[in-house]
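First comes the structure, then the notes that go with it.
The values are calculated or read from the model by the stated rules, or taken from the named source; none is laboratory data. A quick note: this is a predicted structure, and the numbers were derived from the prediction, not measured. In this analysis, Cβ positions are derived from the backbone assuming ideal geometry, glycine residues included, and neighbour counts consider all displayed protein chains.
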Amino acid sequence: MQKNFDLIIVGCGLAGASLAVALRDAPLALLLVESLPPAHGSVPPVAADAWDARVYAISPANSAFLAEIGVWPHLAGERMNRVRFMEVWERERGHMTFTAPDAELPELAWILEASLMMNELREHLKRQANVTFFSPARPTAFCADSQDADGLATLTLQDEQTLCARLIVGADGQNSWTRQQAGLAALDTPYNAKAVVANFMCEKPHHDTAWQWFREDGILAWLPLPGERLSMVWSAEDAKAEALLALSPDELAETVAAAGGNILGRLTTLTPAMAFPLHSIRVPATVAPRLALIGDAAHGIHPLTGHGINLGFQDAKALATLLRQAVPGQDIGALAFLQRYQRVRREEIVVLQHATDFLAHCFTARLPGLSALRALGLDLTHRLPALKKLLARYAAGML
Ligand SMILES: Cc1cc2nc3c(=O)[nH]c(=O)nc-3n(C[C@H](O)[C@H](O)[C@H](O)COP(=O)(O)OP(=O)(O)OC[C@H]3O[C@@H](n4cnc5c(N)ncnc54)[C@H](O)[C@@H]3O)c2cc1C
């Protein structure tokens with residue numbers, strides 16, 4: 001049996017779900033197809049008394065986007081923390097600080113759990129009249145211009161249902177099935193490193209400060225969470241990452257506290273360490289006839305600048321804006337229409353991917369003299385308030 005929709009979103013992670021919610025008032029029939037059952041999606045729910053190890057820095061531009069779509073005001077304030085100060089260190093030699101007042105912003109970012117955002121997006125989707133949700137469901141074939149479906153795109157599911165739509169959106173993550181089906185190229189370069197994440201209680205107050213240390217053995221970030229907790233992301237070569245994963249909770253807390261110079265006193269491990277392999281994924285074309293990619297399906301970026309889902313939310317916002325502006329009768333799957341979305345998103349994605357790649361390679365390279373040069377670069381930038389303000393506002397999505 002054939003079912004018709006205006007738009008099918010493949011993948012209900014944060015990017016796909018936020019696009020669907022952003023289209024709640026649009027005169028479009030939406031279908032979300034998610035391969036995992038809701039309780040086991042890419043961002044599974046976390047018990048109210050536990051903390052999710054996936055903690056993200058969300059930029060002011062994206063707290064504004066989530067507010068626009070009605071999600072932000074419903075997030076539990078007691079599980080979110082502002083970043084008002086940030087310190088960046090090169091070994092112990094050079095350092096740079098950013099402050100929210102210097103950047104003329106109320107905060108540099110918000111730190112919160114991925115599951116907090118995902119739960120609220122799911123609650124919105126449950127109440128949304130124009131959304132049908134198939135989960136668990138997995139597509140097996142995609143055809144962009146099917147003769148049998150009057151030129152619409154068709155998606156065939158594992159149970160052999162045929163679904164038709166004017167536009168398919170691939171929001172199915174870094175190894176995007178839709179991207180592969182559409183034949184869109186992706187340049188996937190592994191960093192041969194993993195990001196190890198865990199949460200801790202700290203002995204001393206963090207005063208809404210985030211820290212990042214470029215170390216001999218990787219890039220260590222501490223992000224402030226409420227109630228004197230912190231979230232750690234330690235991006236390290238595979239062997240170091242495996243060694244961190246093998247530590248007992250007490251050993252991990254001790255190692256992480258020492259790596260941060262014990263500035264927050266004694267740490268206590270709250271969540272077991274988890275690791276994510278790191279890739280840079282560049283996708284030169286993010287649209288094709290009847291197909292658009294958003295989120296990690298459209299770009300993979302090192303977490304050191306905390307921009308993965310920030311780019312994904314901005315993709316969702318840009319595509320939703322374009323779709324809402326479509327005039328009656330306009331073909332929303334036409335390549336020329338979709339290229340407007342690609343053009344709007346191109347600059348931010350390219351700039352942040354190149355800048356993040358440059359930092360990841362430059363700050364992990366071990367060439368003689370490079371560490372001193374990096375320290376000098378940080379110290380010099382620290383002394384240029386106008387440049388720091390520009391960098392902080394660009395990272396916040398507020399330029
Ligand atoms: C350690 C770490 C720290 C990070 N920190 C930050 C941060 O501070 N700030 C930030 O902005 N970003 C951060 N990121 C990046 C962020 O995690 C990702 O950018 C984000 O999760 C991508 O969301 P997505 O919805 O695009 O993809 P995903 O979360 O991968 O969701 C894709 C969805 O599609 C589904 N799916 C896959 N294939 C199919 C299929 N064939 N059919 C149907 N469904 C399918 C999956 O089940 C999943 O639900 C971090 C990443 C890591 C690893």
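Brief remarks follow.
- Residue check, Thr268 modelled with pLDDT of 95 or more and either within 19 Å of Ser18 (Cα to Cα) or not assigned by TED's automatic domain parsing to the domain that holds Gln212 (or both): no
- For the range 76-92, the condition of being within 15 Å of the ligand (Cβ to nearest atom), in a loop (DSSP other than H, G, I, E, B) and closer than 19 Å to Lys126 by Cβ holds for none of the residues.
- When Leu23, Leu30, Leu14 are screened for being within 15 Å of the ligand (Cβ to nearest atom), touching a strand residue (DSSP E or B) at 6+ places or on another chain (Cβ under 8 Å), at pLDDT 95 or above and farther than 14 Å from Gly170 by Cβ, only Leu30 passes.
- Breaking point among (1) part of a loop (DSSP other than H, G, I, E, B); (2) within 11 Å of the ligand (Cβ to nearest atom); (3) under 18 Å from Leu223 (Cα atoms), for Tyr56: (1)
- Screening the candidates Phe337, Phe358 for the property of being within 28 Å of Leu19 (Cβ to Cβ) and part of a helix (DSSP H, G or I) yields one hit, Phe337.
- Of all residues making up the range 208-265, the number that are hydroxyl-bearing (Ser, Thr, Tyr) and within 26 Å of Ala372 (Cα to Cα): 3
- Flag if Thr162 is surrounded by 17 or more Cβ atoms within 10 Å (Cβ to Cβ), closer than 25 Å to Ala137 by Cα and touching a residue at least 12 places away in the same chain (Cβ under 8 Å): yes
- Any hit, the range 314-322, residues being surrounded by fewer than 19 Cβ atoms within 10 Å (Cβ to Cβ), at pLDDT 95 or above and over 18 Å from Gly11 (Cβ atoms): yes
- Complete set of residues in the range 1-59 that are within 18 Å of Cys164 (Cα to Cα) and among the basic types (Lys, Arg): Lys3
- Residues that are of a type outside the set (Asp, Glu), assigned to a helix (DSSP H, G or I) and within 9 Å of the ligand (Cβ to nearest atom), drawn from the range 305-315: Thr305, Gly308, Ile309, Asn310, Leu311, Gly312, Phe313
- Scanning the range 329-366 for residues that are surrounded by 17 or more Cβ atoms within 10 Å (Cβ to Cβ), in contact with a helix residue (DSSP H, G or I) (Cβ under 7 Å, 6 or more places away or on another chain) and within 12 Å of Ala318 (Cβ to Cβ) gives Tyr341, Arg345, Glu348, Ile349.
- When Met274 is tested against the conditions (1) in contact (Cβ under 8 Å) with a residue 60 or more places away in the chain; (2) at positive phi, the lone failure is (2).
- The range 255-286: number of residues that are surrounded by 22 or more Cβ atoms within 10 Å (Cβ to Cβ) and out of contact with any Lys or Arg (no Cβ under 9 Å at 6 or more places or on another chain): 2
- Condition broken by Glu203, with the remaining ones in (1) surrounded by fewer than 15 Cβ atoms within 10 Å (Cβ to Cβ); (2) in the same structural domain as Thr99 (by TED's automatic domain parsing); (3) under 23 Å from the mean Cα position of the chain (by Cα) satisfied: (3)
- Boolean, Ala29 is surrounded by fewer than 18 Cβ atoms within 10 Å (Cβ to Cβ) and in the same structural domain as Pro205 (by TED's automatic domain parsing): no
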